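Reviewing the structure listed below.
The values are calculated or read from the model by the stated rules, or taken from the named source; none is laboratory data. Nothing here was measured: the structure is a model prediction, and the numbers come from that model. Here the Cβ positions follow ideal geometry from the backbone for every residue, glycine too, while neighbour counts run over all protein chains shown. For accessibility, only protein heavy atoms count, side chains too; no ligands or nucleic acids. Shrake-Rupley method; radii C 1.70, N 1.55, O 1.52, S 1.80 Å.
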Amino acid sequence: MESNYFALLELPVAFDLDKEHLRKLYTQLQQRFHPDRVATLSTEDRQKNLQLSMDINQAYHTLKDPLLRAQHLLALEGIQVNGENDTIKPPPALLMEMMEFREAIQEGSVVHLQALQDALAKQWNDGLDSLSNAFRTKHMARAAEETIRLRYIEKIRQELRIKLQHGKESLV
């Protein structure tokens, strides 16, 4: 069983989080457990605090990112959707759609790529809404499918950002 980052940060287990509240909790916990603040403790207690501080960092990093947060929520349910060990595999139609996006990125003009970037941003935002709803209504299979879809969309968005950046650099 994976560590429960929600419990570590004393948050309710939910996809929808108040990001400002999360940041404040993180800051408070780091102030309390950061190794630099506990120099007077025994070596063993300093080591425990160091590990706790690292765990708090990992929890914050995971929970502040919606895709990582979704993967964590699913892992807490025993559903792996973080890559090679997926318990739910991406449907062939999704893989085909992503291949088409990759081809469009390779062949597109800057104007076409910017339109594609806008379309992918909309798909990302719509996907986050769908994911939020799936978690709220406890439809874990749908949450897993949407998480996998968003993972692929994010990879395509990264490739597109790189392609657009290279295009802008070649214009300079």
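Residues in region 15-32 carry Karplus couplings, in order, of 6, 7, 10, 7, 4, 5, 5, 4, 4, 5, 4, 4, 4, 4, 5, 5, 5, 6 Hz; the curve used is 6.51 cos²θ - 1.76 cosθ + 1.60 with θ = phi - 60°, and Gly or Pro positions show x.
Dipole magnitude for the chain: about 360 debye, using +1 per Lys or Arg Cβ and -1 per Asp or Glu Cβ, origin at the Cα centre.
Partners of residue 48 within straight-line reach, counting aspartates and glutamates whose Cα lies under 16 Å from its Cα and excluding those fewer than 8 residues away in the same chain: 36.
Peptide packing: for 19-32, 121-134, the average count of neighbouring Cβ atoms within 10 Å per residue gives the ranking 121-134, 19-32, highest mean first.
Ranking 89, 155 from most to least accessible surface, computed with a 1.4 Å probe over the protein chains only, gives 89, 155.
Extension gain residue 43-residue 4, at 0.36 nm per residue separation less the Cα-Cα distance, in nm? Mind showing how you got there, number by number?
Working: separation 39, 0.36 × 39 = 14.04 nm, distance 2.62 nm.
Gain on stretching residue 43 to residue 4: 11.4 nm.
Values (i) 159; (ii) 117; (iii) 176 are given for comparison; volume of the Cα convex hull per residue in Å³, derived from the coordinates here, is the one labelled (i). Only Cα pairs under 8 Å and 6+ residues apart enter the sum, and on that basis the relative contact order of the chain stands at 23 percent.
Taking a ≥ b ≥ c as the square roots of the Cα gyration tensor eigenvalues, region 62-118 comes out oblate, since a/c reaches at least 1.5 and a/b does not exceed b/c. The heavy atoms of residue 40 offer some 140 square angstrom of accessible surface to a 1.4 angstrom probe. Here the 3J(HN,Hα) profile of region 70-84, calculated from phi with Karplus coefficients 6.51, -1.76 and 1.60 at θ = phi - 60°, is 5, 4, 5, 4, 5, 4, 5, 8, x, 10, 9, 9, 10, x, 4 Hz, Gly and Pro shown as x. Accessible surface for residue 156 stands near 0 Å², nearest 10, in the context of the full protein assembly shown (1.4 Å probe).
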